[in-house]
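Worksheet for the structure shown next.
The values are calculated or read from the model by the stated rules, or taken from the named source; none is laboratory data. Small disclaimer: the values here were computed from a predicted structure and weren't measured. Neighbour counts are summed over all protein chains in view; Cβ atoms, including those assigned to glycine, are modelled from backbone coordinates with ideal geometry.
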Ligand SMILES: [Zn+2]
């Protein structure tokens, strides 16, 4: 099995991540988080929020509605341009993203360019392609009392069209549309940022690679509003801080990360600089996140579509300007997969030749549980009672503490290794004598005796 297969299997076996709607045979591009996955994901988003919002003085949170006025997506360009190149095999009618069927193709690949490569259909192996069409990736829905019958009736078709809304394809627009609210009520000085964590939806043509490319995901985005004259230095600072966050807080290895300066022809037309931070995933290098300088593109679009001024008046200089924006944007699941891939290890068990253990070496801040408490033997009431006392005490102090008295001690260690619990605390007969416990370290498997009072 590949490392990715092992990760998927571990995530399911231990209750981190299940295929979406598993009981009905799944639902492509969706994943459900189980008890441990919820904890890991929450720890990750909390860490991000703490680093970017709570610990700083100039980035503030917003939490916008997922359903937004459809004009949002006209102004942002998503209605016209948020599309992937779709190509259909005329033999088996399989539909694919053309730019993913061969190396080195961009999203703007033309039919001629694609046909010249003589790609075979991944499903039926034939080569008989239709024209490349643009497929808009937004999920649309209807807001209000619209009946399915309305589509057959000419006069109702207008109602249907008018009621069309979209599940947001990014959290960014929920930030931009609140920029004016925040400026008018909160009066932040430039530069300042607005941060949001929330769900986003993209109707990916071919969801793949576990949680890397899914149809429903969570994003953590910051729109950082700056004076146009300072964007270059602010960009450098945000890029540097992003790397600090990824390596020092999240625990990714610097050697797995690579900054890719996106070439002018591949950048969005309004962007003067975009850096994609690439990560060495088990199935190959993929984009982990991006930092884009978006100029005043979004605020100008909103201003034009809404007829409202997005200008900002500097309190000291009285200068009136439209701020420019730098956007660090990361998908929660993409980051989570990078965390899992970094933490996953298979190692020989010391003293037991031929045996291996699977261990998730998660940073302590991310581990679902910080401690596991267990009695050496579950059929000795004195040990169980003492262990319960220690468990209650630690749970009060550290919250994220689990109890395990299943199987033998070796099996418990294997399980806690697999779910990334940094320390296992075992209460044995010596504990009853001298109030010390065995503390076993997840990464080194070494054990030390510690006084209960010092835990
Ligand atoms: Zn085919």
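Tabulated data for the structure shown
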item	result
Selected residue (criterion: farthest from the ligand (Cβ to nearest atom)) from residues of segment 138-150 that are assigned to a helix (DSSP H, G or I) and either loosely packed, with under 12 Cβ neighbours inside 10 Å or assigned by TED's automatic domain parsing to the domain that holds residue 206 (or both)	149
Any pair with Cβ under 6 angstrom, 6 or more apart, that starts in segment 298-326 at a residue that is at negative phi and ends at one that is loosely packed, with under 11 Cβ neighbours inside 10 Å and modelled with pLDDT of 95 or more	311/320; 313/320
Subset of segment 122-137 (residues that are part of a loop (DSSP other than H, G, I, E, B) and either within 15 Å of the ligand (Cβ to nearest atom) or touching a strand residue (DSSP E or B) at 6+ places or on another chain (Cβ under 7 Å) (or both))	122, 123, 124, 125, 126, 127, 128, 130, 132, 137
Condition met for residue 452 (modelled with pLDDT of 95 or more and either under 22 Å from residue 346 (Cα atoms) or over 37 Å from the mean Cα position of the chain (by Cα) (or both))	no
Selection status of residue 52, over 24 Å from residue 208 (Cβ atoms) and modelled with pLDDT of 95 or more	yes
Single condition residue 156 does not satisfy, out of (1) in contact with a strand residue (DSSP E or B) (Cβ under 9 Å, 6 or more places away or on another chain); (2) over 23 Å from residue 50 (Cβ atoms); (3) outside any strand (DSSP E or B)	(1)
From the options 394, 336, residue that is within 26 Å of residue 199 (Cβ to Cβ) and outside any loop (DSSP other than H, G, I, E, B)	336
Criterion: in the same structural domain as residue 289 (by TED's automatic domain parsing), under 25 Å from the mean Cα position of the chain (by Cα) and modelled with pLDDT of 95 or more - qualifying residue of 329, 303	329
Members of segment 230-277 found to be part of a loop (DSSP other than H, G, I, E, B) and under 19 Å from the mean Cα position of the chain (by Cα), listed by number	250, 251, 252, 253
Qualifying positions in segment 278-301 - surrounded by fewer than 22 Cβ atoms within 10 Å (Cβ to Cβ) and assigned to a helix (DSSP H, G or I)	297, 300, 301
Evaluation of residue 201 against (1) surrounded by fewer than 18 Cβ atoms within 10 Å (Cβ to Cβ); (2) under 23 Å from residue 98 (Cβ atoms); (3) modelled with pLDDT of 95 or more (one fails), failing number	(1)
Cβ-Cβ under 7 Å pairs, at least 6 apart or on other chains, segment 76-99 side within 18 Å of residue 294 (Cα to Cα) and in contact (Cβ under 8 Å) with a residue 12 or more places away in the chain, far side within 16 Å of the ligand (Cβ to nearest atom) and not in a helix (DSSP H, G or I)	none
Options 47, 10; residue that is over 30 Å from residue 188 (Cα atoms), modelled with pLDDT of 95 or more and outside any loop (DSSP other than H, G, I, E, B)	10
In segment 87-105, residue farthest from the ligand (Cβ to nearest atom) [restricted to those that are more than 23 Å from residue 285 (Cα to Cα) and surrounded by 19 or more Cβ atoms within 10 Å (Cβ to Cβ)]	87
Within segment 74-105, tally of residues that are in a loop (DSSP other than H, G, I, E, B) and either in contact with a strand residue (DSSP E or B) (Cβ under 9 Å, 6 or more places away or on another chain) or not assigned by TED's automatic domain parsing to the domain that holds residue 126 (or both)	7
Residue in segment 55-69 that is under 20 Å from residue 417 (Cα atoms) and without any contact (Cβ under 8 Å) to a residue 40 or more places away in the chain present	no
The listed residue being within 17 Å of residue 212 (Cα to Cα), surrounded by fewer than 15 Cβ atoms within 10 Å (Cβ to Cβ) and assigned by TED's automatic domain parsing to the domain that holds residue 330, out of 22, 32	32
Answer from 401, 332, 325 - the residue that is touching a helix residue (DSSP H, G or I) at 6+ places or on another chain (Cβ under 7 Å) and crowded, with 22+ Cβ neighbours inside 10 Å	325
Top-ranked residue of segment 416-435 - restricted to ones that are free of Cβ contacts under 8 Å to residues at least 24 places away in the same chain and in contact with a strand residue (DSSP E or B) (Cβ under 9 Å, 6 or more places away or on another chain), ranked as surrounded by the fewest Cβ atoms within 10 Å (Cβ to Cβ)	434
Matching residues, segment 106-121, being more than 16 Å from the ligand (Cβ to nearest atom) and either within 33 Å of the chain's Cα centre (by Cα) or assigned to a helix (DSSP H, G or I) (or both)	106, 107, 108, 109, 110, 111, 112, 113
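Table: residues versus (1) crowded, with 19+ Cβ neighbours inside 10 Å; (2) modelled with pLDDT under 95; (3) under 30 Å from residue 316 (Cα atoms).
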{"residue": "180", "(1), (2), (3)": "no, no, yes"}
{"residue": "187", "(1), (2), (3)": "no, yes, yes"}
{"residue": "212", "(1), (2), (3)": "yes, yes, no"}
{"residue": "219", "(1), (2), (3)": "yes, no, no"}
{"residue": "225", "(1), (2), (3)": "yes, no, yes"}
